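One structure is given below, encoded as structure tokens.
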Amino acid sequence: MTDIKYQISNITVRNAVASDLDAICAIEAASFSDPWTAQMLLDDILNPITYFPVAVTQAGASALPNASVVAYADMSIAADEAEIRSIATAPAYRKAGVAAKLLNALTDYAKLNKVSAIYLETRKSNKPAIALYEKQGFKRLGLRKGYYATPKEDAIVYQLVVT
Ligand SMILES: CC(C)(COP(=O)(O)OP(=O)(O)OC[C@H]1O[C@@H](n2cnc3c(N)ncnc32)[C@H](O)[C@@H]1OP(=O)(O)O)[C@@H](O)C(=O)NCCC(=O)NCCS
């Protein structure tokens with residue numbers, strides 16, 4: 001089988017809208033052992049304190065049908081702190097720089113909104129996510145024991161000081 005490689009230059013970032021929900025739910029289901037419901041995702045898309053960008057393929061650039069939304073990220077802001085609640089890339093589009101592009105969008109948004117630090121948690125075993133965050137400059141703050149369910153696992157807490 002031929003491996004499909006996608007060009008990061010064909011990917012753009014825009015704010016999610018409610019009609020992206022099906023595509024976002026499909027990425028969510030393919031990415032997590034304990035996926036959020038469509039209602040939880042929609043609540044965040046519509047929440048004014050949440051920045052929820054999606055990465056989309058340019059029209060006609062995708063070889064996959066109905067694959068215009070290929071990744072999403074979800075970050076909430078309270079006072080001068082932000083929390084990345086979720087980030088995921090559709091399996092066929094991974095390892096092409098898409099999540100890094102979304103993380104840059106989150107950081108730019110945080111700077112524009114006078115955020116001083118961005119926080120997130122990830123499963124201790126999630127090597128792709130750990131590599132992604134550390135490459136983007138996030139620093140480990142500590143562990144939250146038994147933070148995740150399904151399966152139960154510790155979380156590593158990360159912080160990025162926004163300058
Ligand atoms: C983690 C995840 C979002 C990364 O998305 P992605 O679009 O494939 O990431 P990128 O291509 O932008 O990768 C950027 C960097 O992250 C690291 N990285 C990403 N995937 C990796 C992998 N499978 N193995 C090792 N490093 C990886 C690399 O340093 C990479 O840079 P490089 O390609 O120059 O080496 C994706 O694997 C995913 O959706 N996983 C399931 C959902 C999830 O776990 N989300 C995080 C929850 S905390």
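The values are calculated or read from the model by the stated rules, or taken from the named source; none is laboratory data. As the structure is a computational prediction, the values presented were derived from the model and not from experiment. Please note: Cβ atoms are built from the backbone with ideal geometry, for glycine as well, and neighbour counts cover all protein chains shown.
Can you tell me which residues in the stretch 67-99 are out of contact with any Phe, Trp or Tyr (no Cβ under 6 Å at 6 or more places or on another chain), within 10 Å of the ligand (Cβ to nearest atom) and over 16 Å from Leu120 (Cα atoms)? Listed by number, the residues that qualify are Ala71, Thr89, Ala90, Pro91, Arg94, Lys95, Gly97, Val98.
Of the residues in the stretch 5-18, at least one is surrounded by 11 or more Cβ atoms within 10 Å (Cβ to Cβ), at pLDDT 85 or above, within 14 Å of the chain's Cα centre (by Cα) and within 14 Å of Val98 (Cα to Cα).
Residue count for the stretch 100-121, restricted to those that are within 13 Å of the ligand (Cβ to nearest atom) and either over 14 Å from Phe138 (Cα atoms) or over 14 Å from the mean Cα position of the chain (by Cα) (or both): 3.
Inside the stretch 11-27, residues that are part of a helix (DSSP H, G or I) and within 11 Å of Val69 (Cβ to Cβ) make up a count of 9.
Selection of the stretch 123-151 for residues being under 23 Å from Thr89 (Cα atoms) and more than 13 Å from the ligand (Cβ to nearest atom) yields Lys139, Arg140, Ala149, Thr150, Pro151. Pairs are defined by a Cβ separation below 8 Å, a sequence spacing of at least 6 or placement on different chains, a first member in the stretch 141-152 that is free of Cβ contacts under 8 Å to residues at least 60 places away in the same chain, and a second member that is hydroxyl-bearing (Ser, Thr, Tyr); the pairs so defined are Leu141/Tyr119; Leu141/Tyr158.
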